[in-house]
């Protein structure tokens with residue numbers, strides 16, 4: 001049975017969500033110390049794109065939320081913001097979070113949804129996963145139409161990676177692109193960064209880090 005890989009940035013809220021996903025047979029969870037988003041269902045070729053999520057709570061500063069949302073929108077064609085425990089947020093923070101969707105940097109890419117509990121957030125994530133599966137012909141057609149330019153440039157980037165990194169699979173090349181955002185960032189990534197941020201084993205991380213820079217350790 002094929003499983004989706006769920007990358008999870010270490011944190012209090014994400015740890016609770018991780019427990020729910022680990023109880024399923026169709027997910028493999030990978031904890032990361034550093035990641036551009038809080039949760040990400042990795043892309044599966046011909047099945048579904050990468051699906052990134054950012055968690056927002058009352059304990060987060062708005063400036064930090066905006067920074068993370070804009071950074072994710074610069075990498076991914078769409079981003080989901082989970083407004084966790086919205087009743088604990090003050091009105092000013094709630095208003096600012098809703099206004100994020102009209103920022104020029106994220107307009108058309110960001111979808112924010114409230115989640116009153118960890119279980120609600122978990123079920124919403126599963127629902128979004130199903131909505132993005134390409135076998136749904138209508139959604140697939142709309143997705144490819146909207147992201148036509150991005151798809152071609154992304155496919156080229158994945159091909160470039162795989163032509164150099166034949167020791168990993170095309171889907172793993174796509175995962176590297178999802179996590180690091182560009183070929184340039186992958187080339188300059190250290191062994192430690194690759195180990196911390198990806199599920200690849202140490203041998204493959206060393207080979208990637210030393211491929212372009214023989215001085216990497």
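The values are calculated or read from the model by the stated rules, or taken from the named source; none is laboratory data. Every value quoted in this text rests on a predicted model; they were computed, and no experiment measured them. Quick reminder, even Gly has a Cβ in these numbers, built from the backbone with ideal geometry, and neighbours come from all protein chains shown.
Taken together, the residues in region 1-30 that are closer than 17 Å to residue 173 by Cα and part of a helix (DSSP H, G or I) amount to 0. Taking region 31-49 as the range and being surrounded by 17 or more Cβ atoms within 10 Å (Cβ to Cβ), at pLDDT 90 or above and not in a loop (DSSP other than H, G, I, E, B) as the test, the residues that pass are 32, 39, 40, 41.
Looking across region 175-191, the residues that are out of contact with any helix residue (DSSP H, G or I) (no Cβ under 7 Å at 6 or more places or on another chain) and either modelled with pLDDT of 90 or more or within 15 Å of residue 50 (Cβ to Cβ) (or both) come down to 175, 178, 182. Scanning region 171-187 for residues that are exposed (fewer than 14 other Cβ atoms within 10 Å of the Cβ) and assigned to a helix (DSSP H, G or I) returns a single hit, 184. Checking each residue in region 68-105 for being over 13 Å from the mean Cα position of the chain (by Cα), crowded, with 16+ Cβ neighbours inside 10 Å and within 21 Å of residue 154 (Cβ to Cβ) picks out only 70.
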